[in-house]
Every structure is written in C-alpha cells, then in structure tokens.
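Worksheet: one structure, shown below.
The values are calculated or read from the model by the stated rules, or taken from the named source; none is laboratory data. All values reported here derive from a predicted model rather than from experimental measurement. Neighbour counts are summed over all protein chains in view; Cβ atoms, including those assigned to glycine, are modelled from backbone coordinates with ideal geometry.
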Amino acid sequence: MGLEETRYLATIVAGIPHVAKAMEDVPVEQLWRALEAAEVSYWRTHTTIGVCGIQVPNVDSAIMRRLKGQVAADGLIQVEMLKRLREEVGRAPG
C-alpha cells in the first residue's frame, strides 16, 4: 500500500470514532440501517475518488468491521485500528 492509500485510510480511521459516536443516538432497531448507510457512503466515496491500489470491497469490509467494533465499544485506539485495517487490506486477495 502506497503513501496515498495510507493517508486515505488514516483519514477514514480518524473519522470512525466520530461516526460511531453519532450512532450512539440511533435507536437500536435502526442501528443496522445506519450501519448499512455508512457502508454505502464509504463505498460511494471510494469509487468516486478512485484511490489507486485500494480494492474497494475489501476496504469497505475492513472499515465496517472497525466501525461495528467501535459501535460495540471495543475501545481500539486509532493507531491500532489503522494497523489492523492495513493488515486486513494487505492480506486481501488481489
């Protein structure tokens, strides 16, 4: 993964706690719809800006795992979250 992709993922990771915090006020029965909306938003952003070298479906899956973990309050710090996300994306089949 290149510098551009790393910066891009770092920006997303920095925003995940904010998105998770915003979801705290969502009624439980609507939480999955909110998560689905977030996933669609990430997907649209990735495909629109076309960050080279990142495979959109793999990145979306990894990001959503991190977001769901934050919503579930797993407490990962941003540095650890970025490291895990990069590891997941790096393992993804090309």
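Going through the stretch 1-37 one residue at a time, which ones are within 18 Å of ARG84 (Cβ to Cβ) and among the small types (Gly, Ala, Ser)? Of everything in the stretch 1-37, those that are within 18 Å of ARG84 (Cβ to Cβ) and among the small types (Gly, Ala, Ser) turn out to be ALA10, ALA14, GLY15, ALA20. Taking residues in the stretch 49-67 that are within 26 Å of LEU31 (Cα to Cα) and crowded, with 16+ Cβ neighbours inside 10 Å, and partners anywhere that are modelled with pLDDT under 70 and among the small types (Gly, Ala, Ser), the pairs with Cβ atoms closer than 6 Å and at least 6 places apart or on different chains are ASN58/ALA92.
If only residues of the stretch 79-91 that are within 12 Å of VAL13 (Cα to Cα) and surrounded by fewer than 18 Cβ atoms within 10 Å (Cβ to Cβ) are counted, the one that is modelled with the lowest pLDDT is VAL79. Taken together, the residues in the stretch 2-30 that are under 12 Å from the mean Cα position of the chain (by Cα) and surrounded by 12 or more Cβ atoms within 10 Å (Cβ to Cβ) amount to 11.
Residues that are modelled with pLDDT of 85 or more and among the β-branched types (Val, Ile, Thr) number at least 1 in the following helices (runs of 4 or more DSSP H) confined to the stretch 1-78: 3-23, 31-49.
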